[in-house]
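Novice: Take this structure first; my questions come after.
The values are calculated or read from the model by the stated rules, or taken from the named source; none is laboratory data. The shown structure was predicted, so the numbers you read here are calculated from the model rather than taken from an experiment. Every residue, glycine among them, receives a Cβ derived from its backbone with ideal geometry; neighbour counts consider all protein chains shown. Accessible surface is based on the protein model in full, side chains and every heavy atom, while ligands, DNA and RNA are left aside. Shrake-Rupley method; radii C 1.70, N 1.55, O 1.52, S 1.80 Å.
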Amino acid sequence: MMVPAALLMLGALTAVLAPRLLARARWPEREPVVALWAWQCVVGAVLLCFGLSMLLSAAAAWQAVRGRLFAAAPHGVVDAYALGASGGPWAAVTALGLAAGALWTGAMLTGEVLRARARRRAQGSELLVRAPLLPGEDPSGARLVVLEGPRPDAWWLPGAAPQLVVTTAALGRLKGSQLDAVMAHEQGHAAARHDWLLHCSRALSRGFPQVPVFAAFEAEMHRLVEMAADDVASRRFGRLTIALALVGLNEDRGVFGASTRQAHVPQRVRRLLAAAPRLSAGRRLRLTALATLVPAIPLLVAFVPGLSALA
């Protein structure tokens, strides 16, 4: 039972310490895409720790699970894990608790995806009523939909037939290439499938609100995906253009006040205007490689006893 316990402790430490370390780092705002990858690796490592601990705890508690899990392994590998030495009821309780957590995670993610699809269908139906297809227009192709509205807004509606929706107020507010920059921003979201990152982070945060890494994961995903899309637009149209477009779309919403739920908007504008240089290619590569190694740690902890027995 030492390996399942070690994996549980490793997962708990990662869930508590990783958000604090990433919050102190200064580089994520300069490289949001690398930061997105780092957060995914951290969360993946936590889930991997708990999943591997569940499997090994179940193997320690029940001979049938042990036989299936180590069916192709030599006898010495099974002995190296000492699963039958001190499993007892604690192994069964741990395995059942982690299995319940896995089922709850799957249920939350399924519910989040189903709700998102229902929202997309409702929004798509509303768009067809407010902006019906023109004669001869392909319903499966990407569309730019202009809606009559007094509030400047633009958003990307993902799905099988993605649509970029812009209000008439946004067309009147955005000048020059600002509209093109907004379109590039929204297309950056669609190309990187940021909606799936948001679904996963929201499901984990709502399913386990007491786990610091999942709550921080959701908050950072909302912030980082917007910064990453800002960078996509700024590379084509310049930082000033997308910053002015952000101000134009949001200045009537009170988001630039002292206290607001959309505090990331003024942060994004300041970041664009500051124009901090990107990290060097070598440092980006090192950070990406370091983040990729994080999920390898629980795999190493789980497989070292078996590999040592084989050696």
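Novice: Based on the alpha-carbon gyration tensor of the stretch 166-243 and its eigenvalue square roots a ≥ b ≥ c, which shape applies: rounded if a/c is under 1.5, prolate if not and a/b is larger than b/c, or oblate? Present the calculation step by step, with values, prior to reporting the outcome.
Specialist: On the way: a/c = 2.93, a/b = 2.43, b/c = 1.20.
Judged from the Cα gyration tensor, the stretch 166-243 comes out prolate (a/c at least 1.5, a/b above b/c).
Novice: What shape does the chain have by the C-alpha gyration tensor, where a ≥ b ≥ c are the square roots of the eigenvalues, rounded means a/c under 1.5, and otherwise prolate means a/b greater than b/c and oblate the rest? Don't skip to the answer; put the middle values down first.
Specialist: Values: a/c = 2.77, a/b = 1.98, b/c = 1.40.
Because a/c hits 1.5 or more and a/b exceeds b/c, the chain counts as prolate.
Novice: Follow-up question, since we're still on this one. I need the peptides 277-285, 40-48, 172-180 ranked by packing, meaning the mean over residues of other C-beta atoms within 10 angstrom, with the highest value on top.
Specialist: Numbers: 277-285: 11.1, 40-48: 21.4, 172-180: 16.4.
Those peptides, ordered most packed to least, come out 40-48, 172-180, 277-285.
Novice: How much mean residue ellipticity at 222 nm does the chain get from its helices, if each DSSP H run of length 4 or more adds -39500 (n - 2.57) and you divide by all residues, to the nearest 500 deg cm²/dmol?
Specialist: Working: 13 runs with 221 residues, N = 311.
Computed ellipticity for the chain at 222 nm equals -24000 deg cm²/dmol.
Novice: Compute the signed sum of charges (Lys and Arg +1, Asp and Glu -1) over the other residues within less than 13 Å, Cβ to Cβ, of residue 125. List each step's numbers first, then the result.
Specialist: Details: positive: 117, 119, 120, 121, 130; negative: 126.
Around residue 125, the surrounding residues sum to +4.
Novice: Relative contact order for the stretch 8-83: what is it in percent, counting Cα pairs under 8 Å that are at least 6 residues apart? Intermediate results must be reported in sequence, preceding the final value.
Specialist: Working: 32 pairs, mean separation 24.6, N = 76.
In percent, rounded to a whole number, it is 32.
Novice: If we sort 208-218, 123-133, 14-24 on the protection proxy, mean other Cβ atoms within 10 Å, highest first, what's the order?
Specialist: Numbers: 208-218: 18.3, 123-133: 12.5, 14-24: 15.7.
The peptides rank, most packed first, as 208-218, 14-24, 123-133.
Novice: Can you tally the net charge around residue 58? Count Lys and Arg as +1, Asp and Glu as -1, for every other residue whose Cβ sits under 14 Å from the Cβ of residue 58.
Specialist: On the way: positive: 66, 68; negative: none.
Residues close to residue 58 contribute a combined charge of +2.
Novice: Can you work out ³J(HN,Hα) from phi for every residue in the stretch 51-62, in order, using Karplus 6.51 cos²θ - 1.76 cosθ + 1.60 and θ = phi - 60°, giving whole Hz and x for Gly and Pro?
Specialist: Result, rounded to whole Hz: x, 5, 5, 4, 4, 6, 5, 5, 5, 6, 7, 10.
Novice: How much accessible area per residue does the chain have, in Å², with a 1.4 Å probe?
Specialist: Working: 16570 Å² over 311 residues.
Heavy-atom accessible area per residue stands at 53 Å².
Novice: Highest GNM mean-square fluctuation, the chain, Cα pairs closer than 10 Å: which of 75, 199, 222?
Specialist: 75
Novice: Which peptide among 30-36, 92-98 comes first, and what is the full order, when sorted by highest mean count of other Cβ atoms within 10 Å? Before the final figure, lay out each step's value.
Specialist: Details: 30-36: 20.6, 92-98: 17.4.
Ranking the peptides 30-36, 92-98 by packing returns 30-36, 92-98.
Novice: Taking 0.36 nm per intervening residue step and subtracting the Cα-Cα distance, what contour gain separates residue 222 from residue 292 on full extension? Don't jump to the answer; show the numbers that get you there.
Specialist: Values: separation 70, 0.36 × 70 = 25.20 nm, distance 2.15 nm.
Roughly 23.0 nm would be gained on extension.
Novice: Between residue 252 and residue 299, take the C-beta separation as r, use R0 = 51 Å, and let me know the FRET efficiency to the nearest 0.05. Before the final figure, lay out the partial values.
Specialist: Numbers: r = 51 Å, r/R0 = 0.99.
Between residue 252 and residue 299 the formula returns 0.50.
Novice: Which one of 177, 155, 187 is farthest out on the positive end of the charge dipole of the chain, using unit charges on Cβ (Lys, Arg +1; Asp, Glu -1) and the Cα centre as origin?
Specialist: Ranked along the dipole, the leading option is 177.
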